[in-house]
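Asker: Here it is, the structure, as structure tokens.
A short reminder: the numbers here are calculations on the coordinates, not readings from a lab. In this text, all values refer to a predicted model and were calculated from it rather than measured experimentally. Cβ placement follows ideal geometry from the backbone for every residue including glycine, while neighbour counts extend to all protein chains displayed.
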């Protein structure tokens, strides 16, 4: 599988998070899930999208560590390599 | 009802253990509501195919799907078959498949315990976990777990069966609150004595304890399941509906 770029992952993560409610413009790398009102069930759904698209399995304990959008993008890119 | 009154559904339904008894009645009831139905069976292929044929005669859609739900791979196998066969997500799951292996607790063997827990509880968990993926994405879904009145009222000789069926209620409540904000409802139906092969040897003495003084029918259970899967039941979740002629009251 060709390595995915950070830009591709960022675009997909932001698109997915936006589908959960927050305004797309508020979803920056620095934004925290708490600020965006992204809850644990949203993160479970994000993990499913990531698994389906990039074959990256994010476990519950991985997700618990994530506080910001940027952290989630970096983790997915690192695992996809 | 004219044929055009049957609503078109955005997904399909899976009923486990649907070759006979309560499961077969539920499969027929959901098909009449317009759901394409996966009629799961473990051993009774002829029974499942008869249920499918009956549904198709009414002009509705169904497919027989062989799988032992106790097999850890069964959930992916069944959902994969339905998703590709009917080309739609599974938005209704009825965890009905169940076995019993009765004995008084001092005589209950490890294999009696394990086999009943595997089929009646663990399989329902695995199927629920698999079902929630497309349901979360669709922001819609209905899961009904067929529990039993023995989860609520002791019945000697069924410690394994009762533990599994009570476990189903706890699974129902917990999963229901986890996903309630996504338009998904998860409920349990707890039948009492229902006329099926499984209860064929239930004694008349036990039936005398039923306030309604009779056994129920699979159709009476299916009617409640049909309601819980309907749009009208959209605010009912985490509930246990007893269908027992008053036995647990």
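Asker: Looking at (1) crowded, with 24+ Cβ neighbours inside 10 Å; (2) more than 23 Å from residue B:132 (Cα to Cα); (3) touching a residue at least 60 places away in the same chain (Cβ under 8 Å), can you tell me which one residue B:194 breaks?
Answerer: Against the list (1) crowded, with 24+ Cβ neighbours inside 10 Å; (2) more than 23 Å from residue B:132 (Cα to Cα); (3) touching a residue at least 60 places away in the same chain (Cβ under 8 Å), residue B:194 comes up short only on (1).
Asker: Return the total of residues in the range B:218-231 being free of Cβ contacts under 8 Å to residues at least 40 places away in the same chain and out of contact with any helix residue (DSSP H, G or I) (no Cβ under 7 Å at 6 or more places or on another chain).
Answerer: 3
Asker: How about the range B:130-149: which of its residues are away from chain A (no Cβ under 14 Å), free of Cβ contacts under 8 Å to residues at least 60 places away in the same chain and outside any loop (DSSP other than H, G, I, E, B)?
Answerer: The answer is B:143, B:145.
Asker: Moving on. Filter the range A:30-60 down to residues that are part of a helix (DSSP H, G or I) and either more than 10 Å from every other protein chain (Cβ to nearest Cβ) or out of contact with any helix residue (DSSP H, G or I) (no Cβ under 8 Å at 6 or more places or on another chain) (or both), then give me how many there are.
Answerer: Residues meeting the conditions: 13.
Asker: Taking the condition of being in contact with a strand residue (DSSP E or B) (Cβ under 8 Å, 6 or more places away or on another chain), assigned to a helix (DSSP H, G or I) and farther than 17 Å from residue B:15 by Cβ, how many residues in the range B:109-129 meet it?
Answerer: Initially, the range B:109-129 is screened for residues in contact with a strand residue (DSSP E or B) (Cβ under 8 Å, 6 or more places away or on another chain), giving B:109, B:112, B:123-124, B:127-128.
From the residues that got through so far, the ones that are assigned to a helix (DSSP H, G or I) too are B:112, B:123-124, B:127-128.
Those left that are additionally farther than 17 Å from residue B:15 by Cβ: B:112.
So the answer is 1.
Asker: Next up: So which residues in the range B:181-201 are within 14 Å of chain A (Cβ to nearest Cβ) and part of a loop (DSSP other than H, G, I, E, B)?
Answerer: If the condition is that a residue be within 14 Å of chain A (Cβ to nearest Cβ) and part of a loop (DSSP other than H, G, I, E, B), then B:183 is the only one that fits.
Asker: When the residues of the range B:161-180 are narrowed to those that are touching a residue at least 60 places away in the same chain (Cβ under 8 Å) and touching a strand residue (DSSP E or B) at 6+ places or on another chain (Cβ under 7 Å), which ends up nearest to the other protein chains (Cβ to nearest Cβ)?
Answerer: If we take residues in the range B:161-180 being touching a residue at least 60 places away in the same chain (Cβ under 8 Å) and touching a strand residue (DSSP E or B) at 6+ places or on another chain (Cβ under 7 Å), then B:176 is nearest to the other protein chains (Cβ to nearest Cβ).
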